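A short write-up of the structure that comes next.
The values are calculated or read from the model by the stated rules, or taken from the named source; none is laboratory data. Predicted model, so just to flag it, every value in this text is computed and none were measured. Virtual Cβ from ideal backbone geometry, glycine too; neighbours counted across all protein chains shown. Ligands, DNA and RNA are stripped out before the accessible areas are found, and what is left, the full protein with its side chains, is counted by its heavy atoms. Shrake-Rupley method; radii C 1.70, N 1.55, O 1.52, S 1.80 Å.
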Amino acid sequence: MASYAEFHRRSIQDREGFWAEQAKLIHWHQPCSEVLDYSRPPFARWFVGGETSLCYNALDRHIAARGDQNALVWISTEVGESRTFTYKQLLAEVNRAAAMLQSLGVKKGERVILYLPMIPEACFAILACARLGAVHSVVFGGFAAASLAARIDDARPALMITADGGSRMGKTVLYKSLVDEALKLARHPPQKLLIFKRGLDYAMPVVQGRDLDWKALQKDFANAELACAWLESNEPSYILYTSGTTGQPKGVQRDVGGYAVALAASMRNIFCGEAGETMFTTSDIGWVVGHSYIIYAPLIAGMTTIMYEGVPIRPDAGIWWKIVQDHQVDVMFSAPTAIRVLKKHDPAYLKKYDVSSLKHLFLAGEPLDEPTHVWITESLGRPVIDHYWQTETGWPLLSAQPGVEKTRLKMGSPSFPVYGYDVRLLHEATGQPVPDGEKGVVTIAPPLPPGCMSTVWGDDERFVETYFKDFKDQLIYSTFDWGIRDKDGYYFILGRTDDVINVAGHRLGTREIEEAVSMHPNIAECAVVGVADSLKGQLPLAFAVAKDVSKLSSAEGKRRLEKEVMATVDKHLGAIARPKAVHFVTLLPKTRSGKTLRRSIQALAEGRDPGDLTTIEDPNALEQIKQALHA
Ligand code: PRX
C-alpha cells in the first residue's frame with residue numbers, strides 16, 4: 001500500500017501517468033490517444049479519442065463473471081415491496097428500456113428528462129440512456145412544476161419519463177400531474193411523455209397522442225438486445241442541474257470516460273468497495289450522490305447496489321440498520337441530517353441489528369458537526385468517514401482514502417485533498433494562500449481531474465465566468481466554500497461563501513427562493529437567508545416588503561400572507577425550499593449602492609454580531625429585522 005501523501009503527490013506531479021494507470025480500471029472499446037488535452041484552459045479533456053460506455057462498464061462487462069450475482073436490490077418501505085435483479089436481469093431490463101426509448105426516437109446526444117421516484121425503472125431508464133448514448137437529466141422529485149419547466153427549456157429533451165406517483169411517509173406524491181403542469185409552462189416541451197404506472201390509486205389524466213404507457217409499450221421489446229453506443233470519452237453522459245447564486249439553475253455537464261475512471265478509482269481508493277460486495281447509498285437518484293453512488297460507481301465496480309424508497313424512521317428508526325444486517329452491506333453512504341434525525345430516536349435501534357459487515361459509513365452533502373460524528377462513530381462501532389464534494393466534482397474532493405492508507409480520522413473533518421485535486425485555500429480578498437489555522441476559500445488549481453464537470457450545458461462562457469473568475473488575476477476553480485486546515489493538514493469546511501444554503505443536504509440558492517417569494521402578487525421585494533438549524537443544518541428564512549400593507553395590521557393578516565407566500569414557494573420551487581417563516585418589514589437593509597446585506601441579516605437571525613455596517617443606507621432597516629426576529 002502506497003502512502004496517501006505519495007499517492008496524492010504523484011497524482012498532481014505526474015497527472016497523465018497517474019490517470020493512465022487508473023484508466024485501466026474500466027473497459028475501453030478504443031484506447032485513448034492522449035490522456036489529457038489541456039490546450040484550452042480551464043477546459044480539461046480527459047482520455048481524448050478513447051471510446052467507452054458507462055452502460056457497458058456498469059453491466060455487460062460483468063455478465064461473464066457475475067451474471068447471476070445481484071446487481072440491484074430495491075427496497076420500498078413506502079409501498080411495502082422489494083425487487084431484486086441479477087446482473088443478467090438488470091441488463092435485460094436495460095435492453096428493453098433502451099429499445100423502447102429508441103422506438104420513441106431517442107438518439108445519441110439527445111436529452112431525456114427523468115422525473116421519477118425511487119423505483120427500479122429509474123435505474124433502467126438512466127442506464128438505457130447511457131446504452132443509447134443519450135444524455136439523461138434527472139430532476140429531483142421534490143422540485144415544483146416551474147423548476148422542472150426551466151430545466152426542460154434548458155435541456156430541450158426529446159422525451160420525458162415519469163411515473164404516476166411516488167410515496168413519502170405513506171402519502172402519495174403525484175408526479176404525473178406535476179409534469180403535466182410543467183409541460184404547460186415549458187416553451188420547448190418534448191412531443192412524448194413516457195409514464196410508468198405504479199398503480200398508485202388516483203385518476204391520472206392522459207393526454208392522447210403524447211402520453212405513453214411504459215408497461216404496454218415495453219411488451220413489444222421483451223427480448224430486445226441492443227449493442228452499447230461507444231462514445232468518445234468527452235461526449236456528454238448527463239446533465240444535472242444545481243443551484244448557484246443566480247435564479248437560473250446551472251446544467252452541470254458530465255463526460256463519459258473521465259467519469260467512469262474517476263468513479264472506478266474512487267471505489268477502490270476511497271470507498272473500498274469490491275466486486276461481489278454490497279453498497280447502500282441512502283440518497284435520491286435526483287442528486288449527484290444518487291447518480292454516482294447508487295447507480296454508476298457500485299455497478300462499475302461489480303457490486304450489488306441497494307436502492308431504497310422510504311425514510312430512515314419508518315417503520316422505525318432501525319430500518320437502515322436492518323437493511324445493513326439483512327443484506328450484509330459492506331459500504332454505506334448517507335448524509336449528516338439523516339444521522340441527526342436518527343440521533344433523536346432510541347439508540348437501542350442501533351444495537352438491535354448486527355452491522356459488523358460494514359467496513360465504513362461515509363457521510364457527505366453538508367457539514368458533519370463534531371458531536372454527531374462522535375455519536376454515530378460510537379453507536380455504530382465502525383469508522384465513519386466525513387467527505388466533501390459537490391455536484392460539480394461528481395466524486396469526493398476532500399476525504400480520507402482508506403484504500404490508499406488508513407489515516408487517522410478527526411471528528412468533524414473530511415480529512416485531506418483527494419488524489420487528482422490540487423486544493424488551495426486562498427484568502428478571500430488577496431487570493432494568496434492562507435496559513436494553517438486561517439480561514440480561506442477552498443479552490444482547485446486546474447485542470448480539474450477526470451469526472452468533474454466538463455462545462456455548463458450549452459454555455460461554456462458561464463462555466464468559466466461562474467467557477468474560474470472568483471479571483472482576479474488567476475484562473476482557479478472556486479468551490480464557494482470556506483475551509484480551514486489545521487497544523488496536521490486536516491481540512492474543515494465552514495459553509496458557503498456565496499448565497500447558497502444547504503437544507504438537509506439539499507442545495508438551494510437563496511436567490512431562487514427570493515424569486516419564488518416575489519412571485520406572490522403582494523410582495524414588493526424580499527431577502528432570504530439560511531439560518532442554522534440543529535437538525536437540518538440550515539433553513540431558509542424570509543424577510544419581505546409587502547406592496548399593500550393594509551392587510552398586515554393584524555397578526556391574523558400577517559399569518560395569512562405568510563401562509564400564502566409559503567404556498568407560492570411550494571408552487572414555484574417545491575416544498576424543500578419553503579421558508580421556515582416569513583417576516584414582514586417595510587424596508588430591507590442595503591448598502592448605499594443597493595446591495596442587500598444578507599450576511600448581516602443572517603448574523604442577526606443566528607444571534608450573532610451583524611458585522612461591519614458602515615455601508616448601510618438606513619440603519620432603521622436592521623432595527624426592523626431585529627424587531628421582526630424578536631416578535
Ligand atoms: O457546501 C458544500 C456542501 O454541499 C455543497 C455541495 O452540494 P451538492 O452540489 O448537492 O453536492 C453534494 C455532494 C456530496 C458543497 O459546496 N458539502 C458537501 N459535503 C460536505 C459539505 N459541507 C461540509 N462538509 C461536507 N462533508
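With a Cα-only, solvent-free Debye model of the chain, what are the log10 I(q)/I(0) values at q = 0.09 Å⁻¹? With one equal scatterer per Cα and no solvent, log10 I(q)/I(0) is -0.73. Carbon-plus-sulfur fraction of the accessible area of the chain, 1.4 Å probe, in percent? The value for the chain is 50 percent carbon and sulfur by accessible area.
Over what distance in Å are the Cα centres of the stretch 568-617 and the stretch 500-529 separated? Between the Cα centres of the stretch 568-617 and the stretch 500-529 lies a distance of 10 Å.
Restricting the GluC sites (Glu not before Pro) of the stretch 384-449 to loop positions (DSSP other than H, G, I, E, B) with no more than 10 neighbouring Cβ atoms within 10 Å leaves nothing. When the surface is traced with a 1.4 Å probe over the full set of protein chains, Asp220 keeps roughly 120 Å² accessible. Computed from the C-beta positions of Lys406 and Val48 and an R0 of 30 Å, the FRET efficiency is 0.25 to the nearest 0.05.
Classification of the stretch 76-229 by its C-alpha gyration tensor yields an oblate form. The axis ratio a/c (a ≥ b ≥ c) is 1.5 or more, and b/c is at least a/b. Averaged over its residues, the chain has an accessible area of 38 Å² per residue, based on protein heavy atoms and a 1.4 Å probe.
Between Ile625, Ser53, Gly451, the Cα set farthest toward the positive side of the dipole of the chain (charges on each charged residue's Cβ, about the Cα centre) is that of Ile625.
About its Cα centre, the chain has a charge dipole of approximately 940 debye under the convention of +1 per Lys or Arg Cβ and -1 per Asp or Glu Cβ, with nothing else charged.
Classified by the C-alpha gyration tensor, the stretch 314-447 has a prolate form. Its axis ratio a/c, with a ≥ b ≥ c, is 1.5 or above, and a/b is larger than b/c. Computed from backbone phi, the HN-Hα couplings of the stretch 571-583 come to 6, 8, 10, x, 5, 4, 9, 5, x, 6, 7, 10, 9 Hz, rounded to whole numbers (Karplus: 6.51 cos²θ - 1.76 cosθ + 1.60, θ = phi - 60°; Gly and Pro given as x). Here the dipole of the stretch 1-100 is about 40 debye; that uses its Cα centre as origin and unit charges on the Cβ of Lys and Arg (positive) and Asp and Glu (negative). Within the stretch 201-267, the proportion of Cα pairs with more than 16 Å between them is 73 percent. Computed with a 1.4 Å probe on the full set of protein chains, the accessible area for Arg10 sits at about 70 Å². Within a straight-line Cα-Cα reach of under 18 Å, Lys351 can be paired with the following lysines, leaving aside sequence neighbours fewer than 8 residues apart in one chain: Lys322, Lys343, Lys359.
Measuring with a 1.4 angstrom probe and ignoring ligands and nucleic acids, Thr377 comes out at about 40 Å² accessible. Projecting the Cα atoms of Leu561, Asn70, Thr377 onto the dipole axis of the chain, where Lys and Arg carry +1 and Asp and Glu carry -1 at the beta carbon, places Leu561 farthest toward the positive end. Shape class of the stretch 46-86 from the alpha-carbon gyration tensor: oblate, with a/c at 1.5 or above and b/c at least as large as a/b.
Given R₀ = 51 Å, FRET efficiency for Ala64-Asp436 by Cβ-Cβ distance, to 0.05?
Here the calculated transfer efficiency is 0.50.
Between Val549 and Leu185, the FRET efficiency estimated from the beta carbon spacing at R0 = 22 angstrom works out to 0.10. Contact order for the chain, expressed relative to its length and based on alpha carbon pairs under 8 Å spaced 6+ residues apart, stands at 12 percent. For the stretch 147-255, the number of Lys pairs separated by eight or more positions or lying on different chains, with C-alpha atoms closer than 17 Å, is 9.
What would the Debye formula give as log10 I(q)/I(0) at q = 0.13, 0.14, 0.21, 0.22 Å⁻¹ for the alpha-carbon point model of the stretch 271-386, no solvent? Log10 of I(q)/I(0), two decimals: -0.44, -0.52, -1.24, -1.37.
Starting from 0.36 nm per residue, how many nanometres of slack lie between Lys219 and Thr614 once their C-alpha separation is accounted for?
Details: separation 395, 0.36 × 395 = 142.20 nm, distance 6.95 nm.
Additional length available on full extension: 135.3 nm.
Taking the Cα centre of the stretch 588-628 as origin and assigning +1 to Lys and Arg Cβ atoms and -1 to Asp and Glu Cβ atoms, the resulting dipole is close to 180 debye.
Note on the stretch 517-630: percent of Cα-Cα distances in each 10 Å bin, starting at 0 and stopping at the bin with the largest distance, equals 14, 45, 34, 6.
Any chance you could check the Cα centroid distance between the stretch 174-231 and the stretch 296-319 for me, in angstrom? Value for the Cα centre distance between the two parts: 25 Å.
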